[in-house]
1. Take the conditions surrounded by 10 or more Cβ atoms within 10 Å (Cβ to Cβ), of a type in the set (Val, Ile, Thr) and over 19 Å from the mean Cα position of the chain (by Cα) and apply them to residue 28. Does it pass?
2. Against the definition (assigned to a helix (DSSP H, G or I) and either exposed (fewer than 11 other Cβ atoms within 10 Å of the Cβ) or in contact with a strand residue (DSSP E or B) (Cβ under 6 Å, 6 or more places away or on another chain) (or both)), how does residue 44 come out, yes or no?
3. So which residues in the range 47-99 are among the charged types (D, E, K, R) and surrounded by 13 or more Cβ atoms within 10 Å (Cβ to Cβ)?
4. Could you say which residue among 37, 20 is in a helix (DSSP H, G or I) and more than 16 Å from the chain's Cα centre (by Cα)?
Amino acid sequence: MATNTNYYDLYRHGSLGITLTDALDELIGNERIDPQLAMKVLMQYDRIISETLSDRVKSRLTFKGSLDTYRFCDEVWTFLIKNVTFKMDNGSQTVQADKVKIVSCSAKRSDDK
């Protein structure tokens, strides 16, 4: 089912997204695919990863820390938090980190941008 909704490219910066981008770059460099096809693949990746995480990940966690910096630009919130403790929804696991960056935006982006 085709849709005119664009998705954020946030997940391209993870290891899977970087690997996909590298593979597509190599295919373009070897003239096996054209750049337009690579962009279509990346747009599909953005859609699938966003929808899959939204549909299948049901775990929740809470966190506590000291807010260092926050910013709101182009409908995207960015928070930099220090001395963070994460707790899983069942309370059995905790994870601590010195610094955490959280980027928060709508799950879908409209074409109005």
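Each value in this text was obtained by applying a stated rule to the coordinates, not by laboratory testing. Note that the structure is predicted; figures quoted are calculated from it, not measured. Note that we place each Cβ from the backbone using ideal geometry, even for glycine, and neighbour counts take in every protein chain shown.
1. So residue 28 passes the test.
2. For residue 44, the condition - assigned to a helix (DSSP H, G or I) and either exposed (fewer than 11 other Cβ atoms within 10 Å of the Cβ) or in contact with a strand residue (DSSP E or B) (Cβ under 6 Å, 6 or more places away or on another chain) (or both) - is not met.
3. Once the filter is applied, which keeps residues that are among the charged types (D, E, K, R) and surrounded by 13 or more Cβ atoms within 10 Å (Cβ to Cβ), the range 47-99 yields 47, 51, 68, 82, 87.
4. Unique residue meeting the criteria: 37.
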